[in-house]
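A short worksheet on the structure shown next.
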Amino acid sequence: MKFKVIAGLVLLLGIIAASCGSETDMEFKRYYIGGEQLYRERCQNCHGKNGEGLSNLIPPLTDSTFLKTNKKLLACIVNNGVNGQLLRVSGKSFVGNMPANDIAPVDIARILTYITNSFGNKMGTVTSEDVARDLKDCK
Amino acid sequence: MRKLAIIIGIVLLYAACKSDGNKATLPIYGNRDTKTDTVDGKPVVDTIYNTIPAFKFVNQYGDSVTEKSLKGDIYVADFFFTTCPSICPIMHRNMLKVYNEFKNVADFKILSHTIDPKHDTVPVLKKYADALGINGNNWWLLQGTKEDTYTLSASYLVSPPQENAKEKFIHDGYFILVDKQKRVRGTYDGTLEKEVDRLIADIKTLRAESNTQIAQ
């Protein structure tokens, strides 16, 4: 009898934990899958299928340290592009320029969720609220 | 009788194998014409193929490049501009593969014609080449007048670039393979990895073909 109660409780806790987990998980997946599509349409030509970049023309998206330290700048980079600022990524600077993107914050959030959780990066979900907040601080 | 049939069979098989072994030649593209000459009082018909006409451009080192600079070379041509935000990065990521495969081959070259000569001056092209990581003389980035470049694109059998306010230039992402006789032997979509693998294979075929022709 006691055993059954305990087993029931464990099962219940398990279900709650799983459904909580799957809610944030679902959110992450929605952002990530949407971002993958947008990345293919808007970024892959330059940054490459595997985020490898192109020689010293276009930086890779595989430098987790760069992405982490500049986390709050990423929305601005995607929104406004980069023109002659010469970022240093993986110890190099790059000759090319990056064009601005005229897309909604939620799409920027999707793309950032995708790139910061692919190519060996693992930084969790970037939400449209994060993006809206970061865009206010663009230089 | 039976023996004869077997012998004929073997001969036929051998011939089939042989022609199979020789099948590795690439088609010759473009309009062709015939020319009839008289040799020893007899008419001889010759095929005239579409060939790349004479040209004069300047490369990323500031050296002048003409059709004579390519004498005895197989080459691949494409059209691009250094500030192209769309397909050029894909094309040149793929072209780097071709470059790396053949960079130590003396009779092979890559010619990338800029379609934005106003912006892409010799120093700009040199900077681009350095950033791309290419050196030596196997890959030339060529600048010339817009008219010359656009006219040349027609003889490569690709559509001439179009100017457009938003995209600046619209152009095909084709890689064109040209043989030592300046004939077009293949066109490849330079934005597709699979096509670029086909190009690399075809360059090997073409090199083998022209080497045996020289030997003959």
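The values are calculated or read from the model by the stated rules, or taken from the named source; none is laboratory data. Computed from a predicted structure; not experimentally measured. Note that each Cβ is placed from the backbone with ideal geometry, even for glycine, and that neighbours are counted across all protein chains shown. When the accessible area is computed, the model is the full protein with side chains, heavy atoms only, and any ligands, DNA or RNA have been set aside. Shrake-Rupley method; radii C 1.70, N 1.55, O 1.52, S 1.80 Å.
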Largest-first ranking of A:M98, B:M95, A:M123, A:M26 by accessible area, probe 1.4 Å, whole protein assembly kept, is A:M26, A:M98, A:M123, B:M95
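Beyond 29 Å, what share of the Cα-Cα pairs of the protein assembly as shown remains, rounded to the nearest whole percent?
On the way: 34869 of 62835 pairs.
Taking all Cα-Cα pairs of the protein assembly as shown, the fraction more than 29 Å apart is 55 percent.
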At q = 0.15, 0.19, 0.20 Å⁻¹, what base-10 log of I(q)/I(0) does the Debye formula yield for region B:52-215 when every alpha carbon is treated as an equal point scatterer in vacuo?
-0.76, -1.30, -1.47
Given the DSSP H assignment, sum -39500 (n - 2.57) over each helix run of at least 4 residues in chain A and divide by its residue total; what's the result at 222 nm in deg cm²/dmol, nearest 500?
-18000 deg cm²/dmol
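Evaluate E = 1/(1 + (r/R0)^6) for B:D148 and A:R88, where r is the Cβ-Cβ distance and R0 equals 41 Å; express this FRET efficiency to the nearest 0.05. Please list the in-between numbers first.
On the way: r = 39 Å, r/R0 = 0.96.
About 0.55, to the nearest 0.05.
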From the protein chains alone at 1.4 Å, what is the descending order of accessible area for B:K71, B:K103, largest first?
B:K71, B:K103
Which distance in nm do the two modelled labels at A:C138 and A:V5 give, with both placed 7 Å along the Cα-to-Cβ direction?
6.0 nm
B:V39/B:S159 FRET efficiency (R0 56 Å; Cβ-Cβ; nearest 0.05):
0.90
What does the accessible area of A:S90 come to, in Å² to the nearest 10, when a probe of 1.4 Å is used?
70 Å²
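Restricting attention to region A:32-120, which GluC sites (Glu not before Pro) occupy a DSSP loop and are surrounded by at most 15 other Cβ atoms within 10 Å?
Values: sites: A:E36, A:E41, A:E52; in loops: A:E52.
Those satisfying the criteria are A:E52.
In percent, what relative contact order does chain A have, based on Cα pairs under 8 Å that are 6 or more apart in sequence?
Details: 166 pairs, mean separation 36.6, N = 139.
The normalised contact order for chain A reaches 26 percent.
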Taking Cα pairs closer than 8 Å and at least 6 residues apart, the relative contact order of region B:52-215 in percent is 28 percent
Inter-label distance, nm, simple model (7 Å from Cα along the C-beta direction), A:K72/B:V105:
5.3 nm
Using only the Cα atoms of region A:23-136, what semi-axes does the equivalent ellipsoid have when each is the square root of 5 times a gyration tensor eigenvalue? Give whole Å, largest first.
22, 15, 13
Area accessible to solvent at B:H119, 1.4 Å probe radius, in Å²:
80 Å²
Surface accessible to a 1.4 Å probe, B:R32 within the full protein complex, Å²:
130 Å²
Under a plain spin-label model, where a point goes 7 Å from the Cα along Cα-to-Cβ, how far apart in nm are A:E36 and A:N97?
3.4 nm
Amide H partners (placed H, <5 Å) of B:I110, local residues excluded
B:V76, B:W139, B:W140
